[in-house]
Amino acid sequence: MTDKEALAHTYAAELTAMARDVVDVNRYYVLGTAHADGQPRVSPVYFTHHEYRAFYWVSSPDSQHSRNLAADPRVNAVVFDSSVPSPQTRAVYLTGRAAEVPEADLPVEIGRAFAREDTGGARAFSLEELSGEGDLRLYRLDVETAEVHARGGDPEWGMGIDTRLPVTL
């Protein structure tokens with residue numbers, strides 16, 4: 001077991017609690033996709049989530065990040081709390097696959113995407129708005145791995161330099 005894995009195991013409950021808090025109190029993440037030529041593309045995206053494993057957003061299928069996802073579903077995203085001073089940095093890194101939710105799955109997925117009451121003012125979109133001739137679609141990121149930002153000088157899990165520690169959401 002590596003030092004990072006041992007540290008993550010020792011502090012698993014605290015790291016999970018911190019990660020969930022970061023996800024719950026922030027409304028945007030930076031979504032990283034790749035252009036067809038491999039060049040990175042990042043986009044700020046307003047998100048909701050279901051049980052910290054499925055992250056949803058609404059977007060136009062014509063947006064660049066949506067077109068990138070249609071060609072390559074691999075993504076990275078980072079949720080970070082920009083409201084705190086630098087020494088209190090908190091962030092959650094997500095890696096997974098993302099895609100437009102198929103129209104046949106929309107009734108169930110819309111219910112999950114907009115079930116939470118604390119979505120920071122996000123409104124629930126209707127099936128009609130997210131299908132057919134509607135301009136928008138529902139997208140879902142399925143998280144495969146998650147990590148938290150561990151500040152190098154953190155008194156509990158700092159390792160001298162900033163690093164990422166694996167966490168189970």
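Given a cut-off of 28 Å, what percent of all Cα-Cα pairs of the chain lie beyond it? Please report the intermediate quantities before stating the final value.
Values: 3747 of 14196 pairs.
Cα-Cα pairs in the chain separated by more than 28 Å: 26 percent.
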The range 18-52 and the range 99-169 have their Cα centres apart by a whole-number Å value of 7 Å
Check residue 162: other-chain or 5+ apart residues with amide H under 5 Å from its amide H, H built from backbone geometry?
152
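Report the GluC sites (Glu not before Pro) located in the range 46-135 that are in a DSSP loop and have at most 14 other Cβ atoms inside 10 Å of their Cβ, or state none.
Values: sites: 51, 100, 103, 109, 117, 128, 129, 133; in loops: 51, 117, 128, 129, 133.
In loop regions of the range 46-135 (DSSP not H, G, I, E or B), the sparsely surrounded GluC sites (Glu not before Pro) are 51, 117, 128, 133.
Calculate the translational D of the range 15-108 in whole µm² s⁻¹ from Stokes-Einstein, where the hydrodynamic radius comes from the Kirkwood formula applied to all Cα pairs, the temperature is 20 °C and the viscosity 1.002 mPa s.
Values: Rh = 14.3 Å.
Taking Rh from Cα pairs, D becomes 150 µm²/s.
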Along the dipole axis of the chain (charges at Cβ: +1 for Lys and Arg, -1 for Asp and Glu; origin at the Cα centre), the most positive-end residue among 113, 70, 148 is 148
Could you work out the relative contact order of the range 3-167? I mean the mean sequence separation of Cα pairs under 8 Å and 6+ apart, divided by the number of residues, in percent.
25 percent
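Taking 0.36 nm per residue of sequence separation and subtracting the Cα-Cα distance, how much length would be gained by fully extending the chain between residue 50 and residue 5, in nm to one decimal? Write out the running numbers ahead of the final one.
Values: separation 45, 0.36 × 45 = 16.20 nm, distance 2.63 nm.
So the chain would gain 13.6 nm between residue 50 and residue 5.
What FRET efficiency do you get for residue 21 and residue 104 if R0 is 25 Å and r is their Cβ-Cβ distance, rounded to the nearest 0.05? All intermediate terms of the calculation are to be shown ahead of the outcome.
Details: r = 35 Å, r/R0 = 1.39.
In this case the efficiency is close to 0.10.
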Given 36, 7, 98, which one lies farthest toward the positive end of the charge dipole of the chain, if we put +1 on the Cβ of every Lys and Arg and -1 on the Cβ of every Asp and Glu?
7
Taking 159, 1 and counting other C-beta atoms within 10 Å, the order from fewest to most
1, 159
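Each reported figure results from applying straightforward, stated rules to the coordinates on display, with no laboratory input. It should be emphasised that the depicted structure is a prediction, and the values quoted were computed from it without experimental measurement. Note that each Cβ is placed from the backbone with ideal geometry, even for glycine, and that neighbours are counted across all protein chains shown.
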